[in-house]
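Okay, so here's the structure we're looking at.
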Amino acid sequence: MIGRKTIIMVAVIIIFFAVPVVFWAQTRSEPRDDPWSKVEKKPSKTNHSNLFEATEFKDGPAVTKACLKCHPGSAKEIMQTSHWT
Ligand code: HEC
């Protein structure tokens, strides 16, 4: 038989875990800060909009291939930065 003390203990444990969950859910509903609003907007120095022969690409790697036509060293260069770890 489940005793009264056990029921009380289970209730205490449930409340113990429920309180932070409720608190967390409330803080998450607040609007998030937008990190991009702090990033300085630098206009691109080179307009690439008319540099591409193709207007549509079948997938992501096809776009990369198009970039590498004019930037042949970029594949090796990016691998020497912290973006490639
Ligand atoms: C038709 C040739 C050509 C293609 C295709 C091309 N670029 Fe460029 N790109 C250039 C030229 C020319 C420059 C300016 C010279 C320089 O900075 O080295 C440049 C400069 C850049 C720069 C330096 C920043 C700037 O705005 O000047 C970045 C980043 C760049 N290109 C990324 C890309 C990416 C990503 C792609 C593929 C989506 C791409 N390029 C495709 C010719 C091209």
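No value in this document is a laboratory result; all are computed from the given coordinates. The structure displayed is predicted, hence computed values, not measured ones. So basically every Cβ, Gly included, is an ideal-geometry build from the backbone, and we count neighbours across all protein chains shown.
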Counting only helices (runs of 4 or more DSSP H) entirely within the chain, those with at least 1 residues that are more than 13 Å from the ligand (Cβ to nearest atom) and not basic (Lys, Arg) are 4-28
Selected residue (only one of 23, 52, 57 is closer than 30 Å to residue 69 by Cα, of a type in the set (Phe, Trp, Tyr) and under 25 Å from the mean Cα position of the chain (by Cα)) | 57
So is residue 16 of a type in the set (Phe, Trp, Tyr), over 21 Å from the mean Cα position of the chain (by Cα) and surrounded by 10 or more Cβ atoms within 10 Å (Cβ to Cβ) or not?
-> no
